[in-house]
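Participant: Structure in structure tokens, see below.
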Amino acid sequence: MNVVEFFGTFVKPRITKGKKIVMPLETGKINNDIWCIRDKDVNMFLLRLDKGFIAIDTGYKNSKYIQPGLNSLGIRGEEISHILITHLDLDHAGGIDKRCANPFPKAKVYLGKEEQKYLSGKYSRMRKFGLELKTPIKTDRTDYLLEDMETIKIGDYEIQAILTPGHTLGHLSFLVDKKYLFVGDTLIINHTGGYCFYDMWNVDSNLNRKSLVTLDRIAKENNCSLIITSHTGYTDNINMAFAHKEIYLNWKEKGFIFRADAPDNLYI
């Protein structure tokens with residue numbers, strides 16, 4: 001377990017307790033195309049194919065929630081044929097880590113070409129106290145590296161990968177059939193609208209803001225029906241989704257609450 005994984009596993013749940021900084025969706029069906037599984041503070045999403053499913057992210061390493069979530073939806077891990085990874089944080093790519101059980105043995109894994117540089121060691125996940133802290137994910141499962149704005153076809157879905165750096169340098173968002181925009185950890189939303197992701201977990205929040213400008217434009221150009229975040233659910237209101245895209249909030253302020261509907265502790 002490296003420093004980043006230790007922080008995410010043991011420190012983050014303690015320092016964020018009671019702050020209600022995120023509120024993922026409960027496991028279930030969003031619409032006829034999209035299902036989701038809640039893994040503690042994050043969602044894994046599933047796009048239904050005629051035969052099988054596409055996963056967007058995979059949850060935590062050795063998750064105790066993903067397999068029960070699949071079971072509750074009547075889905076076998078072997079039915080997931082493709083995995084699209086937004087970025088290589090432990091809560092998003094844990095399910096493809098080579099040191100854990102493989103819940104998706106038949107899936108082809110798609111990763112951003114820029115994000116792959118975290119695996120090669122060219123990029124560090126963050127720099128703290130003069131130390132270069134590496135990604136907590138180790139994997140050999142990178143079947144296809146996606147370029148910025150590259151479009152792929154999986155089943156009947158047309159999926160465009162959009163490089164949206166800020167949270168990580170190679171973070172990808174995915175535009176599905178020009179109507180569903182999966183934005184990963186670029187954006188958090190509450191009843192007042194969407195904000196830049198929390199600065200503490202971003203590599204570069206200025207880049208994050210620029211990425212939100214890009215996503216706002218793409219959402220409006222395509223009149224997207226859903227903007228879907230990894231930690232705070234979704235909205236069908238584009239203007240609301242990007243209402244505060246220049247702002248990141250200081251969750252460490254005394255009395256800070258972002259999602260009043262969230263439990264005090266999402267990690268139990």
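Participant: Scanning for something in a strand (DSSP E or B), in contact with a strand residue (DSSP E or B) (Cβ under 9 Å, 6 or more places away or on another chain) and either buried (at least 18 other Cβ atoms within 10 Å of the Cβ) or among the hydrophobic types (A, V, I, L, M, F, W, C) (or both), does the stretch 58-76 turn up at least one residue?
Facilitator: For the stretch 58-76, residues in a strand (DSSP E or B), in contact with a strand residue (DSSP E or B) (Cβ under 9 Å, 6 or more places away or on another chain) and either buried (at least 18 other Cβ atoms within 10 Å of the Cβ) or among the hydrophobic types (A, V, I, L, M, F, W, C) (or both): absent.
Participant: Going by what's in this entry, would Asn32 be described as touching a residue at least 60 places away in the same chain (Cβ under 8 Å) and within 25 Å of Ile188 (Cα to Cα)?
Facilitator: The answer is no for Asn32.
Participant: Considering only residues that are over 15 Å from Glu5 (Cβ atoms) and either in contact (Cβ under 8 Å) with a residue 60 or more places away in the chain or under 21 Å from the mean Cα position of the chain (by Cα) (or both), which ones fall in the stretch 128-141?
Facilitator: Asp140, Arg141
Participant: Considering only residues that are of a type in the set (A, V, I, L, M) and within 22 Å of Asn250 (Cβ to Cβ), look in the stretch 198-239 and name the one that is surrounded by the fewest Cβ atoms within 10 Å (Cβ to Cβ).
Facilitator: So, considering only residues that are of a type in the set (A, V, I, L, M) and within 22 Å of Asn250 (Cβ to Cβ), the one surrounded by the fewest Cβ atoms within 10 Å (Cβ to Cβ) is Val213.
Participant: On to the next question. Which members of the stretch 107-150 meet the condition of being in a strand (DSSP E or B), of a type outside the set (A, V, I, L, M) and either under 29 Å from Arg76 (Cβ atoms) or touching a Cys at 6+ places or on another chain (Cβ under 9 Å) (or both)?
Facilitator: If the condition is that a residue be in a strand (DSSP E or B), of a type outside the set (A, V, I, L, M) and either under 29 Å from Arg76 (Cβ atoms) or touching a Cys at 6+ places or on another chain (Cβ under 9 Å) (or both), then Lys108, Tyr110, Gly112, Tyr144 are the ones that fit.
Participant: Ok, one more. Looking only at residues in the stretch 167-193 that are buried (at least 23 other Cβ atoms within 10 Å of the Cβ) and in a loop (DSSP other than H, G, I, E, B), which one is nearest to the chain's Cα centre (by Cα)?
Facilitator: Only one residue fits best here, namely Asp185.
Participant: Then there's this: I need every pair where a residue in the stretch 57-85 that is under 16 Å from Thr139 (Cα atoms) has its Cβ under 7 Å from the Cβ of a residue that is part of a loop (DSSP other than H, G, I, E, B) and among the hydroxyl-bearing types (Ser, Thr, Tyr), sequence separation at least 6 or different chains.
Facilitator: These pairs meet every condition: Asp57/Thr86; Asp57/Ser230; Gly59/Tyr65; Ile83/Thr58.
Participant: Mind telling me which of the residues Ala161, Ala219 ends up being over 17 Å from Val42 (Cα atoms), assigned to a strand (DSSP E or B), among the aliphatic types (A, V, I, L, M) and in contact (Cβ under 8 Å) with a residue 24 or more places away in the chain?
Facilitator: Checking each option against the conditions leaves just Ala161.
Participant: Output the residue which, of all residues in the stretch 102-127 that are of a type in the set (Gly, Ala, Ser) and over 18 Å from Val4 (Cβ atoms), is surrounded by the fewest Cβ atoms within 10 Å (Cβ to Cβ).
Facilitator: Filtering the stretch 102-127 for residues that are of a type in the set (Gly, Ala, Ser) and over 18 Å from Val4 (Cβ atoms), the one surrounded by the fewest Cβ atoms within 10 Å (Cβ to Cβ) comes out as Ala107.
No value in this document is a laboratory result; all are computed from the given coordinates. Because the structure is a prediction, the values reported are computed rather than measured. Cβ coordinates were reconstructed from backbone atoms using ideal geometry, including for glycine residues, and neighbour counts include every protein chain displayed.
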